[in-house]
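Please treat every number below as a calculation from the coordinates, not as lab data. The shown structure was predicted, so the numbers you read here are calculated from the model rather than taken from an experiment. Backbone-built Cβ (ideal geometry, glycine too); neighbour counts: all protein chains shown.
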Number of protein chains: 2
Amino acid sequence: MDIATINALPCEEFVKIFDNVIVKCPLIAAAVWPRRPFKDLIAFEEAISEFIDSLPDSGKEGLLRCFKALAGKEFQNGTLSRESDEEQKAAGMDVLNSNEVSHMARLNEEYQQRFGFPFVICSRMHNKVSIFNQLLVSCQNERTVERARAIKEAKKICHLRLQRLVLSD
Amino acid sequence: MDIATINALPCEEFVKIFDNVIVKCPLIAAAVWPRRPFKDLIAFEEAISEFIDSLPDSGKEGLLRCFKALAGKEFQNGTLSRESDEEQKAAGMDVLNSNEVSHMARLNEEYQQRFGFPFVICSRMHNKVSIFNQLLVSCQNERTVERARAIKEAKKICHLRLQRLVLSD
């Protein structure tokens, strides 16, 4: 799909195609739709990024709450979106041993209790070890620091999903 | 479902139950979830309303773009959500004659061209005549006036959906 094709999409089509580059949240794709025509994919991504930045903190946290826990119940049950499932597998979440699964579950629970949103990380850019390390660090972070880190990761996930969706087509 | 039950819901359940009180937009339900415990249904509604007000204008318009056109293609094809479908029928959108259908389509198109989002109205509080009248008036409105009117209507739709969902249960 080239940028001219993207720029020509009516809103409904645009939202249908791009809603899961950012956790099946149609409002976000619908909000950036009138920013077309985009010069290129980078400009499209920047429009999404700027929109996310323009959300109030409650909205940023709402967005984070739409992500699913790493190696969590939905991953175990195979009920994640295809994109999420592949991303978690890319970071080795499918080959954790049972100790690692329960360690991850404990840390995720601690994190969720502390911040009220799940731990978000761009797992395609990580592996098991770096994910555990970041989760341990994040559990000690201040809320504002952690929210900003998580939003950055959400944008990285969006970047890679967009690349795969547009360039692989 | 009473307010104590709502207040006890974990985030995922809460989002699953309430995302279509506001056009299947999980971010909104997820953003108000930490505002629990709500004193009553009114307080819950107020939290949603305040969150919508806190969105940037681009986000408010993104939200409006998630609504489907009145008597539009999706209504004709029966692919709306159950809630939307029932609401449109309550205002008589299923008994328009062919002249009325094409008149509605023309006005919707004119509106969409002018504002870049579809005409939104709480159809349960209207009938065919008052909808046509409002659509004619709205097509002449300034953008800021029209966005504010449409957001008010979106909140009325949310109010009625919430009432039906919670009180009928």
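From the alpha carbon centroid of the stretch B:97-169 to that of the stretch B:66-87 is 12 Å.
Under the definition of Cα pairs under 8 Å and six or more residues apart, what whole-number percent is the relative contact order of the stretch A:1-92? Mind showing how you got there, number by number?
On the way: 51 pairs, mean separation 18.3, N = 92.
Computed value for the stretch A:1-92: 20 percent relative contact order.
For the stretch A:76-81, 3J(HN,Hα) computed residue by residue from phi via the Karplus equation (6.51, -1.76, 1.60; θ = phi - 60°) reads 4, 7, x, 10, 6, 5 Hz, glycine and proline entered as x.
With a/c under 1.5 counting as rounded, go ahead and sort the protein assembly as shown into rounded, prolate or oblate using the C-alpha gyration tensor (a ≥ b ≥ c being the square roots of the eigenvalues; past the cut-off, prolate if a/b is larger than b/c, else oblate). Intermediate results must be reported in sequence, preceding the final value.
Values: a/c = 2.15, a/b = 1.54, b/c = 1.39.
Since a/c reaches 1.5 and a/b is larger than b/c, the shape of the protein assembly as shown is classed as prolate.
Evaluated at q = 0.08, 0.15 Å⁻¹, the base-10 log of the normalised Debye intensity for chain A, with identical point scatterers placed on the Cα atoms, takes the values -0.25, -0.84.
Which pairs in the list A:39/B:152; A:60/B:128; A:73/B:73; B:128/B:152 are over 28 Å apart, alpha-carbon to alpha-carbon? Checking Cα-Cα distances, A:39/B:152; A:60/B:128; A:73/B:73 exceed 28 Å.
Calculate the mean, over all residues of peptide B:50-58, of how many other protein chain Cβ atoms lie within 10 angstrom of the residue's Cβ. Let's see the in-between values first.
Details: counts 2, 4, 0, 1, 5, 7, 8, 2, 13.
Taking all residues of B:50-58 together, the mean is 5.
When +1 charges are put on Lys and Arg Cβ atoms and -1 charges on Asp and Glu Cβ atoms, the dipole computed for the protein assembly as shown relative to its Cα centre reaches about 160 debye. Mean per-residue shielding of peptide B:29-42 is 3, counting Cβ atoms of other chains within 10 Å of each Cβ. How would the stretch A:67-167 be classified by its alpha-carbon gyration tensor: rounded, prolate or oblate, with rounded meaning a/c under 1.5 and the a/b versus b/c comparison settling the rest? In terms of gyration-tensor shape, oblate.
Helix hunt in chain B: which complete DSSP H runs extend at least 30 Å axially by C-alpha with mean Kyte-Doolittle at least -1.0? All intermediate terms of the calculation are to be shown ahead of the outcome.
Details: long enough: B:143-167 (35 Å, -0.32).
In chain B, the long hydrophobic H runs are B:143-167.
Based on Cα contacts under 8 Å between residues 6+ apart, chain B shows a relative contact order of 25 percent.
Comparing B:79, B:95, B:64 along the charge dipole axis of the stretch B:16-111, the residue lying farthest to the positive side is B:79, per the Cβ-charge model.
Considering only alpha-carbon pairs that sit under 8 angstrom and 6 or more positions apart, the relative contact order computed for the stretch A:67-167 is 28 percent.
Ranked highest first by the average count of other Cβ atoms within 10 Å around their residues, in what order do A:115-123, B:151-159 fall?
Values: A:115-123: 22.0, B:151-159: 18.7.
Packing proxy ranking, top to bottom: A:115-123, B:151-159.
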